[in-house]
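Asks: One structure, as structure tokens, below. Some questions next.
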Amino acid sequence: MQRTIKNIVSSVGVGLHSGQKVALTLNPAPEGHGVVFERLDIKNNARIKVNALAVKETKLCSTIGNENFSIATVEHLMSALSATGIDNILIQLDGKEIPIMDGSSIPFIHLIKSAIIVEQKKAKEFVVIKDVVEIIDGDKYARFEPYDGFVVDFTIDFPHPAFKEEESQVSIDFFKDSYIEEISRARTFGFMQEVEYLRSNGLARGGSLENAIVLDDYKILNEDGLRYKDEFVRHKILDAIGDLYLLGNPIIGKFTAHKSGHDLNNRLLRLLIEKKDAWEVQTINASEHTSHSSLSSYLHVNEELKKIAQKNIL
Ligand SMILES: [Zn+2]
């Protein structure tokens, strides 16, 4: 069934690129509403419902908007909404960028959970992949293929001593593996050289060792090191889940990516929309479709949070 939140919840944080302090409020929404963002600092109904074509900029982060306004860095919050199965929500903010929080999606998972996730009366509408859809750009690619579940398989390739080959690929089956345990704590990362360049261009103003893994030419600068030994590729999966949820529906299929990022992820969604024979929208009745019975164990947010709290890794 579709899901929303029961209560209104708020949080305050800083935008990674703008450095701007932003208040974020999550509001319940009715069935069929979708995920809608609203800028409160702009008059004249600055609202936008997420869809692949609402993505207007993919450099550094995913930015949605129209000719009148933009909302930057939506991917980590979108990733948390995907993982908690939220279909309908109104997200209000009083600035141009979603706060970066700790650079991962776990603060958003906690915020959503604190609002209490509730099931609604209408069935959830999945986009079921029926045929291979692929986009190749040089040595990068991103692909959808049919699969009875939701799998994300990602490979990164950075020529840097801190990126080890054996930690460059991760595959997660979200009907079996736990997003919260395996992915949600993976932080964004950046290279010192890049950070200096970005700062000189008025970007990465809110970035720090508190909300990103930062690397110089040789090593990781964060004193506490990594949260997962392969945290970089896990964060790329976190980003991809958020970028893919900008489609507006959860996906049933397999996503495979090699060196992909916000740009290629969005181009794949746009290609998918064009190839109408490659997918269809379906509702799924878990009790009738035994092959999807694993859906019932999908998204057990409370249990998953308890599990990782017990392991003292929060
Ligand atoms: Zn990210």
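Asks: Go through the range 138-171 and report how many residues are hydrophobic (A, V, I, L, M, F, W, C) and touching a Leu at 6+ places or on another chain (Cβ under 7 Å).
Replies: The qualifying residues number 3.
Asks: Here is a list: Ile241, Ile213, Ile237, Ile220. Which entry is more than 16 Å from the ligand (Cβ to nearest atom) and β-branched (Val, Ile, Thr)?
Replies: Ile220
Asks: A further question follows. Within the range 169-203, take every residue that is polar (S, T, N, Q) and surrounded by 17 or more Cβ atoms within 10 Å (Cβ to Cβ) and give me the one that is nearest to Lys130 (Cα to Cα).
Replies: So the first thing to find is which residues in the range 169-203 are polar (S, T, N, Q), and the list is 169, 171, 178, 184, 188, 193, 200-201.
Subset that is surrounded by 17 or more Cβ atoms within 10 Å (Cβ to Cβ): 178, 184, 188.
Working: Ser178: 25, Ser184: 28, Thr188: 32 Å.
Taking the candidates together, the pick is Ser178.
Asks: If I ask for residues that are assigned to a strand (DSSP E or B) and more than 16 Å from the ligand (Cβ to nearest atom), which ones from the range 173-199 would you list?
Replies: Asp173
Asks: Being more than 20 Å from Ala204 (Cβ to Cβ) and within 16 Å of the ligand (Cβ to nearest atom) is the filter here; which residues of the range 53-63 pass it?
Replies: Residue satisfying the conditions is Val55 alone.
Any read-out appearing in this document is the output of simple, stated calculations on the displayed coordinates, not a laboratory observation. Owing to the predicted nature of the structure, the values given are computational and were not obtained by experimental measurement. Don't worry about glycine lacking a Cβ; one is built from the backbone with ideal geometry, like all the others, and counts go over all protein chains shown.
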